[in-house]
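Chemist: Please read through the structure below; I'll follow up with questions.
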Amino acid sequence: MKRYFCTLFILINIAIGTFAQNHPGGGKNSNMPAEGIVSGYVLEKDSGSPIEFANIVIYSKRDSSIVSGGITDKTGFFKIDKVRYGKFYVEVNFIGYGKHIIPEIILKPDNQNINLGKIYLSINAEMLDEVSVEANVNHVDYRLDRKVINVNQDIISSGSTAVEVLENVPSIETDIDGNVSLRGTESFLVLIDGRPSPIQGSEALQQIPANTIESIEIITNPSAKYDADGVGGIINVVLKKEKRKGYNGQISANYGTYNSYGVDALFNFRTERLNFFVGGEYGNRVFEGNGTSESTTFLNGDTTFNLNNSSELFHIRKSGSARAGLDIYLNDNEVITLSGRYGLSGYGRGSDTWAESYYFDNVDQYNQYYYLTENSMLATRSYFSGDINYMKKFQKPGHELQIYSSISGDTDDEEDMYNEFETDINQNPVDNILDEYRTIETGTGNTLTAKADYTLPLFEQAKFETGYQIKYSVKDNDYRYQTLQSEEWIDDTTRLNPYVYSRNVQSGYIMFSNLWKKLGYQFGVRTEYTDRLFHQTTTDQKWQYNKFDFFPSVHISYQLPADMQLLASYSRRLDRPRGWYLDPFVEVVDPNHIRQGNPNLLPEYTNSFDLSFQKKFGPNFVSLEAYARQTYNKVERITEVYEPDPSIYVMTFDNVGEDLSIGGEMMANLNLTSWYNFNLSGTVYYYEIMSEEYSSGNTFTWRARLNNTFRLKKSGTSIQVGGFYRGPSISVQSTREAMWMANVGVRQDFFDRKFSVSVNVRNVFVTMKRETTTVTDNIYSYSLRKPRLPMFNISLTYKINDFKKRKDNSFDDGIGGDDEGI
């Protein structure tokens, strides 16, 4: 009965919308002028959150026939025009909520525009349970300006991290080391619940357990309201947070290959005026693999230096964190939110590498050495963040003021130890110890952010937005190189490298948006002033850079007939170099590699264009996207030969020139039956890099992803089978080979979905790899790394008091509703 009731309810709403569009009036009033307008906002009673897609139906007071109707947008706003004069009553409803009836409205020539104000709906727990059991939520949803990954629908990533969630997402690439790139670049801004993460980039995503995530939002062309950092765009991780009254929570645990394991928990308590949540997680992720590499350095004449390696690899990533927050609802229009997070992480890496090196002059090999290098690395980090947010909603809907401030900091310690032993050709150790040393690097950093955002509705759906932000960060770092002498570690004073890196960024923005008939548009511009200073304290050398920049953004939407929509957007963004990119001091990475930064490195600037088309077929949809991105001052890692010793390579960074990426993405999401979902996505793109000092090149490549999900509702079983293919790619010096991977997962629900068990196997055929070739005028290098085994994981989850995530829009987190309001 629940299934039939839910289906009937949805069909009735579709029929209402269709009827209202084709029959704008009825009964005795059918000949009256259709000049009336009915508008208002629909909000959730407990939290004040906007309710999107709520149904508004206008009935004739005379005979209860349907006169007109509509649905709410992202902000909960609705506007129904061309309503004939007369007496009516209005019914407002949405699945999972109680019905609200306005008993009478009168439209007439001197009262043709009626604003119903704020309409509050209360959650109907019984109905919500029925709907949640039956509803099929798409793994990936397309919104006006973003892709939304619903993590609960991804069985394959259960028990892992945000990185594994992103493996099967359009626009995203991941590699064997857990690095994430967004449309080909690792420069993107990571937000957690709409706020900057204290850790950025792939490292932030590697530490967030998938079980604690409600959804992940991919925004490739953010508006001027957002920080301009990250040429790829924004990845916003939305964590689970219950909004219904009462006490509830969730506890999860997982175990996997190589003795990997993790636990996480979240508890929530909500009253009329307070909402408190606390959560924590701990993870121990282990990876084992092997690798080979071959490198040749071309010296004078026909002589070459050759180095061949084979390695057994492992790394361990430990992380633990706790977070808590409190929403204080001062009244219906004001809320203060306090939140904080504290975390510890550790990363350990080890390898045993056997190497063969020799010189070759096209006739003979000479100076031939065989040696074994034992390497162990341990890095630890502690971090914290705390923020306070004040949200004021004025009487006029959409008129808002938000003031936000935060402080975050981290402490890092890293120790790398190397021992080199001479061996014979059969890898048997010889007594001679060639080298024994270690490097120690420590650092502390703090960031302070303060900002204010103001939104003013002007007329109809037009609004003006403005804001200002101050963001100051400082990093104090120290590096030491030590050798073992008489069983005591001694500093090499010529290699001490303490430095301080500070950056002050002040920014402001203005935006205007409106909806005119079927055309929505938003125009904005952001200005940022950057003042950065790199100070090498030993030599007292300073490198300063300051500049004003402007970042315009444009978003346009056009509603086509029959559930079709056309979207276009443009934004300008940048990528500021990290501190160690600028450090000119030489640091040892391993026996054959050193690193030296470039203090004159300039920021990357990117112009990004997107054009997309979406078509819905009931529960199915097809999305087509075209994009173009051009980057100036392109920053890449460069490998060069260290002149004093040809067996050592120098890794540095440089502005190599420009690049251009033009491509298209397609996704088809088809619910072919009530129990089978088919999701296919693909990307094709052309990439060209243009450099005067280094090699230029271009490539045309493609990627594809496939997910099949089977839901056996009676037994509570879900099965997911998927995989992806990633084509080859290039950089200014290197090429990366293609790879593919297959995954499978099963989830079984028990006790009315309160308890679930998920089992998944990733990299089923052990085809995941990182295979690269580097070619310059005097270097040829090839490397291959891959895991030893498939990754197996089992995950258990228990929900306390029927924990469910409800969307939290009680205040503007900087993500929801801004770009979508166009």
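Chemist: Between a residue in region 426-448 that is of a type in the set (D, E, K, R) and any residue that is surrounded by 15 or more Cβ atoms within 10 Å (Cβ to Cβ) and assigned to a strand (DSSP E or B), which pairs come within a Cβ distance under 6 Å, given they are 6 or more apart or on different chains?
Modeler: Close Cβ pairs satisfying both conditions: Asp435/Glu420; Glu436/Asn419; Glu436/Leu484; Arg438/Met417; Arg438/Gln482; Glu441/Glu414; Glu441/Tyr479.
Chemist: Let me ask something else about it. Looking at region 567-595 only, could you name the residues that are of a type outside the set (Lys, Arg), free of Cβ contacts under 8 Å to residues at least 60 places away in the same chain and assigned to a strand (DSSP E or B)? Walk me through it before giving the result.
Modeler: The initial filter retains those residues of region 567-595 that are of a type outside the set (Lys, Arg), namely 567-571, 574-575, 577, 579-594.
Right, trim to free of Cβ contacts under 8 Å to residues at least 60 places away in the same chain and you get 568, 584, 593-594.
Hits for region 567-595 are Ala568, His593, Ile594.
Chemist: Going by the conditions given, is Thr297 crowded, with 20+ Cβ neighbours inside 10 Å, over 26 Å from the mean Cα position of the chain (by Cα) and either part of a strand (DSSP E or B) or in contact (Cβ under 8 Å) with a residue 12 or more places away in the chain (or both)?
Modeler: On the way: crowded, with 20+ Cβ neighbours inside 10 Å: yes; over 26 Å from the mean Cα position of the chain (by Cα): yes; either part of a strand (DSSP E or B) or in contact (Cβ under 8 Å) with a residue 12 or more places away in the chain (or both): yes.
It is true that Thr297 is crowded, with 20+ Cβ neighbours inside 10 Å, over 26 Å from the mean Cα position of the chain (by Cα) and either part of a strand (DSSP E or B) or in contact (Cβ under 8 Å) with a residue 12 or more places away in the chain (or both).
Chemist: Restricted to region 499-551, and to residues that are in a strand (DSSP E or B), of a type in the set (Val, Ile, Thr) and closer than 30 Å to Val586 by Cα, which residue is most open to solvent (accessible area, probe 1.4 Å)? Outline the logic, then answer.
Modeler: In the first step, residues of region 499-551 are kept if they are in a strand (DSSP E or B); the result is 499-516, 519-536, 541-551.
Then keep just the ones that are of a type in the set (Val, Ile, Thr); that gives 500, 505, 510, 525, 527, 530.
Then drop every residue that is not closer than 30 Å to Val586 by Cα, which leaves 500, 505, 530.
Values: Val500: 43, Val505: 17, Thr530: 8 Å².
Checking each candidate, the answer is Val500.
Chemist: Given Lys108, Lys99, Lys74, Lys79, which one is over 44 Å from the mean Cα position of the chain (by Cα) and surrounded by fewer than 21 Cβ atoms within 10 Å (Cβ to Cβ)?
Modeler: On the way: Lys99 fails: over 44 Å from the mean Cα position of the chain (by Cα); Lys74 fails: over 44 Å from the mean Cα position of the chain (by Cα); Lys79 fails: over 44 Å from the mean Cα position of the chain (by Cα).
Result: Lys108 is the single residue among Lys108, Lys99, Lys74, Lys79 that is over 44 Å from the mean Cα position of the chain (by Cα) and surrounded by fewer than 21 Cβ atoms within 10 Å (Cβ to Cβ).
Chemist: Here are Phe287, Phe305, Phe277: which of them is modelled with pLDDT under 85, open to solvent by less than 60 Å² (accessible area, probe 1.4 Å) and hydrophobic (A, V, I, L, M, F, W, C)? Working first, answer last.
Modeler: Numbers: Phe287 fails: modelled with pLDDT under 85; Phe277 fails: modelled with pLDDT under 85.
It is Phe305.
Chemist: Does region 362-381 include one or more residues that are under 30 Å from Leu458 (Cβ atoms), modelled with pLDDT of 90 or more, surrounded by fewer than 19 Cβ atoms within 10 Å (Cβ to Cβ) and within 40 Å of the chain's Cα centre (by Cα)?
Modeler: Here is the first cut: in region 362-381, the residues under 30 Å from Leu458 (Cβ atoms) are none.
There is no residue in region 362-381 that is under 30 Å from Leu458 (Cβ atoms), modelled with pLDDT of 90 or more, surrounded by fewer than 19 Cβ atoms within 10 Å (Cβ to Cβ) and within 40 Å of the chain's Cα centre (by Cα).
Chemist: Working only within region 715-759, note down all residues that are farther than 24 Å from Lys786 by Cα and of a type in the set (Lys, Arg).
Modeler: If the condition is that a residue be farther than 24 Å from Lys786 by Cα and of a type in the set (Lys, Arg), then Arg747, Arg753, Lys754 are the ones that fit.
Chemist: Residue check: is Ser345 hydroxyl-bearing (Ser, Thr, Tyr), modelled with pLDDT of 85 or more and open to solvent by less than 50 Å² (accessible area, probe 1.4 Å)?
Modeler: yes
For every residue, the table says whether it meets (1) modelled with pLDDT under 90; (2) aliphatic (A, V, I, L, M); (3) in a strand (DSSP E or B); (4) more than 27 Å from Asn655 (Cα to Cα).
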| site | (1), (2), (3), (4) |
| --- | --- |
| Asn743 | no, no, yes, yes |
| Val746 | no, yes, yes, yes |
| Val759 | no, yes, yes, yes |
| Val764 | no, yes, no, yes |
| Asn793 | no, no, yes, yes |
| Thr797 | no, no, yes, yes |
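Chemist: Still on this model: Do we find that Glu414 is open to solvent by 30 Å² or more (accessible area, probe 1.4 Å) and modelled with pLDDT of 80 or more in this structure?
Modeler: Values: open to solvent by 30 Å² or more (accessible area, probe 1.4 Å): yes; modelled with pLDDT of 80 or more: yes.
Taking the combined requirement at face value, the residue satisfies it.
Chemist: In addition: For region 623-630, does any single residue satisfy the condition of being of a type in the set (Lys, Arg) and either at pLDDT 90 or above or in contact with a Leu (Cβ under 6 Å, 6 or more places away or on another chain) (or both)?
Modeler: The first filter runs over region 623-630 and keeps only residues of a type in the set (Lys, Arg), leaving 629.
Now narrow it down to the ones that are either at pLDDT 90 or above or in contact with a Leu (Cβ under 6 Å, 6 or more places away or on another chain) (or both): 629.
So far as region 623-630 goes, yes, one or more of its residues are of a type in the set (Lys, Arg) and either at pLDDT 90 or above or in contact with a Leu (Cβ under 6 Å, 6 or more places away or on another chain) (or both).
Chemist: Being without any contact (Cβ under 8 Å) to a residue 40 or more places away in the chain and over 19 Å from Glu693 (Cα atoms), is that true of even one residue in region 648-662?
Modeler: From region 648-662, those without any contact (Cβ under 8 Å) to a residue 40 or more places away in the chain are 658-660, 662; that's our starting set.
Restricting the remaining residues to those that are over 19 Å from Glu693 (Cα atoms) gives 662.
The answer is yes, given that some residue of region 648-662 is without any contact (Cβ under 8 Å) to a residue 40 or more places away in the chain and over 19 Å from Glu693 (Cα atoms).
Chemist: For region 695-722, how many residues meet the condition of being open to solvent by less than 60 Å² (accessible area, probe 1.4 Å) and touching a residue at least 60 places away in the same chain (Cβ under 8 Å)?
Modeler: 9
Chemist: Conditions: (1) open to solvent by 10 Å² or more (accessible area, probe 1.4 Å); (2) out of contact with any Asp or Glu (no Cβ under 7 Å at 6 or more places or on another chain). Ile234 meets all but one. Number of the miss?
Modeler: With (1) open to solvent by 10 Å² or more (accessible area, probe 1.4 Å); (2) out of contact with any Asp or Glu (no Cβ under 7 Å at 6 or more places or on another chain) applied to Ile234, the lone miss is (1).
The values are calculated or read from the model by the stated rules, or taken from the named source; none is laboratory data. Worth saying up front: this structure is predicted, and the values here are computed from it rather than measured. Backbone-built Cβ (ideal geometry, glycine too); neighbour counts: all protein chains shown. Side chains are part of the model used for accessible areas, which takes the heavy atoms of the whole protein and leaves out ligands, DNA and RNA. Shrake-Rupley method; radii C 1.70, N 1.55, O 1.52, S 1.80 Å.
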